[in-house]
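For reference, the structure is listed below as structure tokens.
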Amino acid sequence: MKKEHLNISQVSMAFPTPTGSFLALDKVSLIIEEGEFVSLIGHSGCGKSTVLNVVAGLHQATEGGVVLDGKEVNEPGPDRAVVFQNHSLLPWLTAYQNVELAVKQVFGKTKSHSEMKDWIEHNLELVHMEHAMHKRPDEISGGMKQRVGIARALAMQPKVLLMDEPFGALDALTRAHMQESLMEIQNELNNTVIMITHDVDEAVLLSDRIVMMTNGPAATIGEILKVELERPRNRVQLADDTEYNRYRQRVLSFLYERQHVPVEKETPRLSVAGAEAA
Amino acid sequence: MFVTNLKGFGREQANELIRSMLLPVIAMMIFLGLWSASASQVETSLGQLPGPVAVYQQASNLLDEHFAERDKETAFYQRQEKRNAKKLAENPEAEIKIRPYTGKPTFFDQIITSLLTVFTGFVIASMIAIPIGILTGLSDGLYKAINPIVQLLKPVSPLAWLPIVTMVVSAVYVSDDPMFSKSYVTSAITVTLCCMWPTLINTAVGVSSMDKDLINVSKVLRLNWFTNIYKIVLPSSMPMIFTGLRLSLSIGWMVLIAAEMLAQNPGLGKFVWDEFQNGSSNSLGRIIVAVITIGLVGFMLDRTMLMLQRRFSWDKSAILR
């Protein structure tokens with residue numbers, strides 16, 4: 001048994017609105033081990049991002065709290081690096097400079113100039129961006145931007161890597177490619193990862209555990225599914241695998257049979273995935 | 001078919017050239033024609049309102065006067081040198097003085113004075129407005145606090161500021177050997193007071209409308225206050241800051257002419273005022289030359305800012321005009 005690494009304990013989150021306080025999250029509790037890859041899945045508006053923001057320290061939980069390696073989280077910091085959905089690279093800096101900003105901030109006092117340079121280049125190589133290191137975000141494709149975003153997060157050597165729908169804005173082929181890269185990196189570095197996703201296949205393919213969330217208001221964890229597929233995983237082989245399909249079936253049935261799609265917040269991509277399953 | 005395509009392409013290009021070159025020229029001809037025709041109808045106490053031809057003559061007169069004045073200046077210094085050389089030849093111990101030339105400034109000297117004055121006022125305004133704009137953009141409370149004051153002071157005319165500025169400068173700027181003349185300081189400060197608002201407001205809006213993801217990146221990286229401003233806030237609001245600066249500079253240039261008229265700063269404003277008071281038959285023509293010059297210089301200032309904006313803009317895809 002690995003040691004307890006990240007403890008999300010009884011986290012509730014209420015937002016003030018003109019008509020009174022709105023309870024977005026209700027007592028979310030989750031313990032994550034070191035090196036574990038956990039996906040949060042649920043319909044839009046169920047508070048997945050809120051959980052991630054609380055762990056990142058960008059939001060303060062109204063009740064409960066988050067403990068990372070024995071320390072309570074109450075502000076954002078580089079030990080919980082975030083990969084945002086829309087890459088959020090600084091558009092006036094090159095890929096290299098974007099990573100450099102993070103590396104200088106985290107290792108400015110401990111690493112020498114040339115060590116930092118090597119470390120930046122190493123991380124960009126990890127995401128296969130060494131050929132476009134000195135290009136600015138508007139000169140590279142969406143997938144490449146997201147790669148740089150991941151490199152920036154990895155370069156901080158975070159204790160937990162938080163990914164907020166990292167591939168949501170990418171086309172299906174690029175997304176598949178990015179998932180492969182992420183598995184490869186995960187295999188090498190064995191990071192602790194929390195990833196938010198809408199995509200059932202992505203969740204099953206990448207995760208050690210899938211956390212399914214109920215719909216808001218007062219969203220909470222509905223079911224946790226442990227995915228015990230052998231690694232390395234191969235998407236083409238798994239497509240026919242009965243185990244894989246059983247996991248997939250479990251997630252789909254949770255999302256579409258036990259949880260209703262919130263009427264006004266239904267997203268097109270989800271309904272397509274539903275149609276496929278049916 | 002290839003040939004017809006090529007021909008078609010050539011025709012399209014020719015059309016484009018006509019559009020971009022010929023249309024402005026035609027418009028200008030019509031404008032000059034209308035001006036000429038209507039000016040001849042107006043009889044003032046200083047004679048007929050000058051048309052384009054009369055104005056052109058006055059422009060070349062001003063140019064001639066400029067060179068004549070320069071010749072006089074060189075002659076003046078040559079005479080001094082000769083006299084001094086003679087003095088030294090008679091007595092090597094003699095004290096030598098070189099007196100500065102005190103002829104009146106020409107039209108072109110006045111343009112330079114105006115440019116220097118507006119530049120001073122604009123730089124001071126930017127140095128005040130950008131930092132305050134950043135602070136107001138970062139803090140909602142500060143924005144709410146400062147906004148009424150800004151809205152109140154923004155529409156005040158330079159003519160209302162000028163008497164106050166004049167009195168304050170006379171009272172505060174006291175020195176036996178002043179580096180700048182009072183009229184220069186007064187005009188520059190009036191420009192500052194009137195032109196800082198667009199920069200301040202645009203900077204504040206630019207900073208407050210920053211991409212939320214970028215703010216989060218800064219938080220996750222735990223950038224300190226200064227690094228956050230320098231690395232994230234400033235570059236991301238640079239386009240809006242430049243929009244503000246361009247507006248400020250054009251307002252400053254407009255305000256300057258009025259300020260110089262009343263403060264008697266020896267620039268284009270004073271030129272117009274002096275010609276008006278002078279009231280010779282040439283005066284109206286010379287004033288129109290000044291009007292056109294003011295327009296041209298204003299246009300060039302705006303283009304210069306646009307060039308700087310393009311140079312410093314990270315978003316090369318943005319269309320700047």
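Please treat every number below as a calculation from the coordinates, not as lab data. These numbers come from a predicted model, not from an experiment. Neighbour counts are summed over all protein chains in view; Cβ atoms, including those assigned to glycine, are modelled from backbone coordinates with ideal geometry.
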Candidate lysines - alpha carbon under 23 Å from residue B:72, same-chain residues fewer than 8 apart omitted: B:82, B:86, B:87, B:97, B:104, B:270
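Just counting partner chain Cβ atoms within 10 Å, what average do the residues of peptide A:106-115 show around their Cβ?
Average per residue, whole number: 0.
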Place the peptides A:203-210, A:188-195, A:129-136, B:197-204 in order of packing, highest mean first, counting for every residue the other Cβ atoms within 10 Å and averaging per peptide. B:197-204, A:203-210, A:188-195, A:129-136
Neighbouring partner chain Cβ atoms per residue of A:87-94, average, 10 Å criterion: 5
Debye equation applied to the C-alpha atoms of the protein assembly as shown, log10 I(q)/I(0) at 0.11 Å⁻¹: -1.08
Which net charge results for the neighbourhood of residue A:253, defined as the other residues with beta-carbon distances under 12 angstrom from its beta-carbon, given Lys and Arg at +1 and Asp and Glu at -1? +2
Sequence-distant or interchain residues sharing an amide H contact under 5 Å with residue A:25, placed H: which? A:13, A:218, A:219
Charge-dipole axis of region B:82-241 as Lys and Arg at +1 and Asp and Glu at -1 on Cβ define it, positive-most pick from B:221, B:136, B:96: B:96
With unit charges on the beta carbons (Lys and Arg positive, Asp and Glu negative) and the dipole taken about the Cα centre of the protein assembly as shown, which residue among A:60, A:47, B:174 sits farthest to the positive side? B:174
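Residues with beta-carbon under 12 Å from that of residue B:280, excluding residue B:280: net charge, scoring Lys, Arg +1 and Asp, Glu -1? Kindly include the intermediate steps, with their values, before the conclusion.
Details: positive: B:286; negative: B:274, B:275.
Result for the local shell: -1.
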Under unit Cβ charges (Lys, Arg +1; Asp, Glu -1), what dipole magnitude, rounded to 20 debye, does region A:20-121 have relative to its Cα centre? 300 debye
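Treating the beta-carbon of each Lys and Arg as +1 and of each Asp and Glu as -1, no other charges, what is the dipole magnitude of region B:107-312 about its Cα centre, to the nearest 20 debye?
Charge dipole, region B:107-312, about its Cα centre: 720 debye, nearest 20.
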For chain A, with a Gaussian network of springs between Cα atoms less than 10 Å apart, report the residue from A:198, A:128, A:43 with the top mean-square fluctuation. A:128
Tally Lys/Arg at +1 and Asp/Glu at -1 over every other residue whose Cβ is under 11 Å from the Cβ of residue A:119; what's the total? -2
Using only Cα atoms, what Kirkwood radius does chain B have, in angstroms? 24.2 Å
Hey, got the dipole for the protein assembly as shown? About the Cα centre, +1 on K and R Cβ, -1 on D and E Cβ, debye to the nearest 20? 1440 debye
Among A:10, B:196, B:25, which residue has its Cα positioned farthest towards the positive end of the charge dipole of the protein assembly as shown, with +1 placed on the Cβ of Lys and Arg, -1 on the Cβ of Asp and Glu, and the dipole taken about the Cα centre? B:25
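Counting only other chains, what is the mean number of Cβ atoms within 10 angstrom of the Cβ of each residue in peptide B:217-229? Before the final figure, lay out the partial values.
Working: counts 12, 4, 7, 20, 11, 8, 3, 1, 0, 0, 3, 0, 0.
So the per-residue partner count for this stretch is 5.
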Angle between chain A longest axis and helix A:172-189 axis [Cα atoms, degrees, rounded to 10]: 70 degrees
Spherically averaged projected area in nm², based on the convex hull that wraps the Cα atoms of chain A: 15.8 nm²
One can check that the equivalent ellipsoid of region A:6-92, built from the alpha-carbon gyration tensor with semi-axes equal to the square roots of five times its eigenvalues, has lengths in Å, largest first, of 21, 19, 14
Listed peptides B:168-174, B:299-305 by packing density, highest first (mean Cβ within 10 Å): B:299-305, B:168-174
